[in-house]
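Encoded as structure tokens, the structure appears first; notes follow it.
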């Protein structure tokens, strides 16, 4: 199963992000969406699970939870905008993956047996940080994560 990861779109879904996420079976948006229109556009690609970020305000955002936990092929994925706001230890909670955003810094790493993925920012460029999205592939409880700068080149993985 291929799951697209996107965060910090800030009311701007780049055509490159749409192309990179084409063909995924599900999309996770890790917050700072900034308009319902972005979620509508992503839903045209695949079903979307989203969490609310610190910039998601107003009536449209009130229905979006601050965290979500979803399972894909027996792999438990926890989604939160700001990883510093995790309320519990992810390993103790049984999560295999934590997807987050907020920092705009794309990152894949393992801590205490849990895979943490920040797909970076897919919205307006911030400072000199890359514009990026991510994909996790899950097969037989094996998880492969990749980050893509929006020129379609992998920028790292585990």
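The values are calculated or read from the model by the stated rules, or taken from the named source; none is laboratory data. Everything quoted here is computed from the prediction, not taken from an experiment. All Cβ positions, even for glycine, are placed from backbone atoms using ideal geometry, and neighbour counts span all protein chains on display.
Is it the case, given these coordinates, that residue 44 is exposed (fewer than 15 other Cβ atoms within 10 Å of the Cβ), in contact with a strand residue (DSSP E or B) (Cβ under 6 Å, 6 or more places away or on another chain) and over 16 Å from residue 122 (Cα atoms)?
Numbers: exposed (fewer than 15 other Cβ atoms within 10 Å of the Cβ): yes; in contact with a strand residue (DSSP E or B) (Cβ under 6 Å, 6 or more places away or on another chain): no; over 16 Å from residue 122 (Cα atoms): yes.
No.
The sole residue among 70, 64 that is over 24 Å from residue 14 (Cβ atoms) and surrounded by 14 or more Cβ atoms within 10 Å (Cβ to Cβ) is 70. Within segment 1-12, the set of residues being within 14 Å of residue 149 (Cα to Cα) and surrounded by fewer than 24 Cβ atoms within 10 Å (Cβ to Cβ) is empty.
Hand me the list of helices (runs of 4 or more DSSP H) wholly inside segment 1-69 holding 1 or more residues that are within 23 Å of residue 116 (Cα to Cα) and in contact with a helix residue (DSSP H, G or I) (Cβ under 8 Å, 6 or more places away or on another chain). Give the derivation first.
Numbers: elements: 15-21, 36-43, 59-62.
Where helices (runs of 4 or more DSSP H) fall fully within segment 1-69 and carry at least 1 residues being within 23 Å of residue 116 (Cα to Cα) and in contact with a helix residue (DSSP H, G or I) (Cβ under 8 Å, 6 or more places away or on another chain), they are 15-21, 36-43.
Going through (1) in contact with a strand residue (DSSP E or B) (Cβ under 9 Å, 6 or more places away or on another chain); (2) surrounded by fewer than 19 Cβ atoms within 10 Å (Cβ to Cβ) one by one, residue 59 falls short only on (1). Does segment 96-111 include one or more residues that are farther than 19 Å from residue 147 by Cα and assigned to a loop (DSSP other than H, G, I, E, B)? Looking through segment 96-111, none of the residues is farther than 19 Å from residue 147 by Cα and assigned to a loop (DSSP other than H, G, I, E, B).
Just so you know, in segment 113-131 the residues that are under 13 Å from residue 7 (Cα atoms) and in contact with a helix residue (DSSP H, G or I) (Cβ under 9 Å, 6 or more places away or on another chain) include one that is modelled with the lowest pLDDT, and it is 123.
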